[in-house]
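In what follows, a single structure is set out as structure tokens and then discussed.
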Amino acid sequence: MGAEIYHDCCKGCRISQGIEEPRRGGGIIELDGNWILNHYGGDEGFLGWMALQPRFHRMELTDLNTDEANALGKNIQNIDLAMRQYWAIEFPKDPVRRVYVVYFFESAFEKSSDKYHLHIHLIPRTEKLGDLLREEGKVIAWNIYKLSKPNKSNEFPPEYMAQPENDEDRRKVEALMTYLRGQLHRPS
Ligand SMILES: [Zn+2]
């Protein structure tokens, strides 16, 4: 358990080694305890939706070694703070109220999909997004993955769209990642 191993067929390992660029650009940020932060690449992603993953190949939380497990909480706290600071500068009228921490990992059980290792989703919940997470007075926060799909929600704030093929959107991702790198990077 806890060995410094990579698997060539794992996209998580390829991204954490710098062999493969994250789909939305912006590169990776090295964090304490051998954690890597990159902008999330899935279609449902939007500006600020991040993936936090171990540098080395881990499939379960119980695979993390002591240093990795101990660093996780502080890394999440630091990312939360840095994300709020970036929003305060770039989007001062729409502050980040929470950074949601989500660990779904169904791709591990799919035979046909790309292979990834453990990754934790960090999703900024801004003031504006609060309205979209309610429907007829009920909280529907679990639907956060649907918000940015144009056919599902035309009210999604356009400034947070992050289509991988759109140059302007890629610049927004890169600007965010540059800021976060300056706040978070720990030389190894
Ligand atoms: Zn891996």
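Of all residues in the stretch 103-119, those that are touching a residue at least 24 places away in the same chain (Cβ under 8 Å) have Cβ atoms under 8 Å from Cβ atoms of residues that are within 9 Å of the ligand (Cβ to nearest atom) and among the basic types (Lys, Arg), 6 or more apart or on another chain, in Asp114/Lys11; Lys115/Lys11; Tyr116/Lys11; His117/Arg58; Leu118/Arg58. Of the residues making up the stretch 167-188, just one is among the hydroxyl-bearing types (Ser, Thr, Tyr) and not in a helix (DSSP H, G or I), namely Ser188. Scanning the stretch 24-76 for residues that are under 12 Å from the mean Cα position of the chain (by Cα) and more than 24 Å from Glu90 (Cβ to Cβ) yields a total of 1.
Given the criteria at pLDDT 95 or above, surrounded by 16 or more Cβ atoms within 10 Å (Cβ to Cβ) and at positive phi, does Gly33 qualify? In short, yes.
Is there a residue being surrounded by 17 or more Cβ atoms within 10 Å (Cβ to Cβ) and either assigned to a helix (DSSP H, G or I) or at positive phi (or both) anywhere in the stretch 155-166? Yes, the stretch 155-166 has at least one match.
The values are calculated or read from the model by the stated rules, or taken from the named source; none is laboratory data. Quick caveat: nothing in here was measured; it's all calculated off a predicted structure. Neighbour counts are summed over all protein chains in view; Cβ atoms, including those assigned to glycine, are modelled from backbone coordinates with ideal geometry.
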